[in-house]
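What follows is a set of notes on a single structure, which appears directly below.
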Amino acid sequence: MYLQGTGFDAIARTLTREGYPTPAQIVGKSNAGKYWHGSTIKLILTNPHYTGDLVQCREKTRSVTIKARESVPIDQQIVIPHTHQALISREQFELVQEMMTGRKKKRPKAKKHLFTNVAYCADCGQSLWYIQYRRGYVCGTYVKHGKHACGQHTIKEAILKSIILEDIRELSRTLDQDNVLGKIKASADREKRSKEKHILDLEKQIIKLKDNKNALIKKLASGTISDEDYQEFVDDTNQEMQQLQVKVQQLKFSAQSNVQLNLERVKQELHTFLKLDELTPEMLHQLVEKVEVKSDGTPIIHYRFTSPV
């Protein structure tokens with residue numbers, strides 16, 4: 001199949017589709033997957049054992065303490081020819097090696113597209129792959145294993161960019177509305193009052209713990225409790241007080257944050273981005289956490305902010 005021009009992944013899809021068990025399934029591995037992979041096909045195509053030769057020392061461990069293995073150069077491998085019946089001819093094997101070397105040299109450096117590691121399949125969770133002739137993205141599971149494994153979940157890059165840009169423009173317009181700013185300020189004021197009440201409750205707990213420590217000193221002086229019990233209680237109380245004081249400081253800091261200033265900063269960033277009139281990688285990664293594409297091509301966009309309306 002490879003000599004006929006079929007690639008690693010295409011061969012893997014064929015074997016999966018026709019029901020051939022994977023090598024891991026054959027040997028009964030507990031974590032064996034049900035799909036063939038292009039990397040497995042490559043290992044088979046480069047394995048000289050199929051020509052009837054026994055090849056030893058193809059890999060070695062990096063050191064006594066590191067179990068990871070690395071390939072050994074061909075001239076350092078031990079080859080014992082004609083030890084078993086060949087499954088393929090030596091000429092076929094060598095021709096495949098030449099073809100693989102030639103394809104590797106001709107292969108252009110892969111370009112990282114805008115939504116690489118951002119867009120995912122909503123069903124299987126695999127990353128979407130950019131397909132040049134489609135000018136868009138397709139589910140990686142579909143590309144590797146075919147339609148029986150997952151659907152295409154296709155979406156054009158231009159469409160996805162335009163949707164996100166329009167969402168950002170709408171958010172920018174929304175943030176310019178006085179009534180929205182008023183709602184945000186009212187919500188922030190409610191949150192601030194809630195935090196201030198929480199601070200008072202925590203401070204009351206701290207005062208109560210201090211009173212308990214003072215009361216215990218009197219018991220220690222009267223001999224009601226031992227030194228060990230007193231010290232254990234004091235250590236636990238001090239630790240609890242310290243935790244409460246940290247919470248108080250955190251709440252005070254967050255209660256003092258200026259929501260209006262933060263909102264103005266977001267507005268300025270959005271307006272700066274929109275002047276570019278193009279979705280740049282900087283915009284995408286600052287504003288979008290990930291994109292999930294459904295089977296019908298509908299995107300679900302998870303932004304890094306929450307809309308105020």
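The values are calculated or read from the model by the stated rules, or taken from the named source; none is laboratory data. In this text, all values refer to a predicted model and were calculated from it rather than measured experimentally. Note that we place each Cβ from the backbone using ideal geometry, even for glycine, and neighbour counts take in every protein chain shown.
Remarks
One line per residue, one yes/no per condition, for (1) out of contact with any strand residue (DSSP E or B) (no Cβ under 9 Å at 6 or more places or on another chain); (2) under 16 Å from Ala122 (Cα atoms); (3) in a loop (DSSP other than H, G, I, E, B):
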residue	(1), (2), (3)
Val143	no, yes, no
Lys147	yes, yes, yes
Gly151	no, yes, yes
Ile159	no, no, no
Ile164	no, no, no
Asp167	no, no, no
Glu170	yes, no, no
Thr174	yes, no, no
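- Taken together, the criteria place Lys195 among residues that are surrounded by 14 or more Cβ atoms within 10 Å (Cβ to Cβ), over 26 Å from the mean Cα position of the chain (by Cα) and at pLDDT below 90.
- Qualifying residue in the range 45-62 (condition: among the small types (Gly, Ala, Ser), at pLDDT 90 or above and surrounded by 13 or more Cβ atoms within 10 Å (Cβ to Cβ)): no
- Selected residue (criterion: surrounded by the most Cβ atoms within 10 Å (Cβ to Cβ)) from residues of the range 109-159 that are within 21 Å of the chain's Cα centre (by Cα) and of a type in the set (Phe, Trp, Tyr): Tyr137
- Qualifying residue in the range 80-87 (condition: β-branched (Val, Ile, Thr), out of contact with any Gly (no Cβ under 9 Å at 6 or more places or on another chain), in a helix (DSSP H, G or I) and at pLDDT below 90): no
- In the range 1-35, residue surrounded by the fewest Cβ atoms within 10 Å (Cβ to Cβ) [restricted to those that are part of a loop (DSSP other than H, G, I, E, B) and in contact (Cβ under 8 Å) with a residue 40 or more places away in the chain]: Leu3
- Single unsatisfied condition, Thr40 versus (1) outside any loop (DSSP other than H, G, I, E, B); (2) within 19 Å of Glu98 (Cβ to Cβ): (2)
- Pick from the range 123-141, criterion touching an Asp or Glu at 6+ places or on another chain (Cβ under 9 Å), of a type in the set (Ser, Thr, Tyr) and not in a helix (DSSP H, G or I), ranking: modelled with the highest pLDDT: Tyr137
- Evaluation of Glu282 against the conditions (1) at pLDDT 80 or above; (2) within 23 Å of Tyr130 (Cα to Cα) shows that the sole unmet condition is (1).
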